[in-house]
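Below is one structure, written out as structure tokens; the observations come after it.
The values are calculated or read from the model by the stated rules, or taken from the named source; none is laboratory data. The structure displayed is predicted, hence computed values, not measured ones. Note: ideal-geometry Cβ built from the backbone for every residue, glycine included; neighbour counts use all protein chains shown. SASA here: full protein model, heavy atoms, side chains in, ligands and nucleic acids out. Shrake-Rupley method; radii C 1.70, N 1.55, O 1.52, S 1.80 Å.
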Amino acid sequence: MRGAGAVLGVDVGGTGIKARLTGADGLVLDETRVPTPRGDTDATMLATVVAELAERALRRGDLDAVGLVTPGVVDDGAGTVVLAVNLGWRDVPVRDRVRAEFAARGIDVPLAFGHDVRAGALAETSGAAPALTRGSVAFVPVGTGLASALVVDGVVVGGGGWAGEIGQVRIPAGPHAGRRVEEIASAGGVARRSGSTSAHEAMLRVRAGDPVATTAWHECIDVLADALAWTTTVAGCHTIIVGGGLAESGPLLFDPLRTALVERLPGLRVPVLAPARHGDAAGAIGAGLMARTALDAEVHA
């Protein structure tokens, strides 16, 4: 029987993988980032990367559990990614792939598996202000793609893997008709549509008055505001926590986004827009919390 020791949280993004090793006392022991394997349609290369991250942790000392989270439509129970557009995955048994690689390398620890945004929501609401443990709160990281997670009375809603997939909705009308929401309203979309190498570069161009980047930026805000207005009215959110790369732009994003929400919700309660506490580390932190839960379950089994 293992004790409540060190856990590794691994967050797979569209372009990079973030890993955080924490001890039983919650202190961060190690952090690392590596590129997400490209063209890895069956997650074989990902399994190798995750196993290597686990071995890196083991070289530091004990490793008692691993939490792994990925983007896309994730069936937590089956351990399968049903669909991840940005990674080219469809019905990929990611958890089994990683478990098999662990077994081949003699790594014997519990493996928790789930969705990156739901993990981020867990991180953002765990140990947060009491208000975030009551009512409906949405966590929306605006990163390579766009998704959201709903937390109701402190419990993250899974919805069979489909809850919060706002980025996959097709825009029905207007200049972006037929495109998925995340093609316009995401950091990846802003970078691509402005001809920038990154959303950060696009942000700098917006601040410098570049017309192409400014157009892409404001179109992103308009489409994002539409998606957040739907989410608010359907789920009754009193707070929306915005994370991901775009949130790091601060008032450049939040001020016009707040104004756009007010315009879309006339006479209705407008949710508080709050920046994520953990920045782009939320997914890895949440994965670590999931690993801790899996470890506790094994200890008390």
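Computed with a 1.4 Å probe on the full set of protein chains, the accessible area for Leu29 sits at about 80 Å². Among the protein heavy atoms, those of Trp162 account for about 140 Å² of accessible surface (1.4 Å probe, every chain in place). Taken per residue, the accessible surface of the chain reaches 42 Å², heavy atoms only and a 1.4 Å probe. By a 1.4 Å probe calculation restricted to protein chains, Arg33 has an accessible surface near 150 Å², given to the nearest 10. Projected over every direction and averaged, the convex hull enclosing the alpha-carbon atoms of the chain yields 15.6 nm².
When the chain is treated as a Gaussian network with alpha carbon springs shorter than 10 Å, the biggest mean-square fluctuation among Ala147, Ala43, Ala284 belongs to Ala43. Looking at region 64-183, the DSSP beta bridges with both ends there are about 75 percent antiparallel. Counting Lys and Arg as +1 and Asp and Glu as -1 over every other residue whose Cβ lies under 10 Å from the Cβ of Gly195, the net charge comes to +1. Close amide H pairs (under 5 Å, H built 1.01 Å from N) link Leu83 with Val73, Asp91, residues at least 5 positions away or on another chain. Semi-axes of the equivalent ellipsoid for region 1-78, computed as √(5λ) from the eigenvalues of its C-alpha gyration tensor and ordered from largest down, come to 23, 14, 11 Å. Placing +1 on the Cβ of every Lys and Arg and -1 on the Cβ of every Asp and Glu, with nothing else charged, gives the chain a dipole about its Cα centre of roughly 340 debye. In a GNM of the chain with a 10 Å cut-off on Cα contacts, which of Asp91, Asp116, Asp255 has the highest mean-square fluctuation? Highest fluctuation among the options: Asp255.
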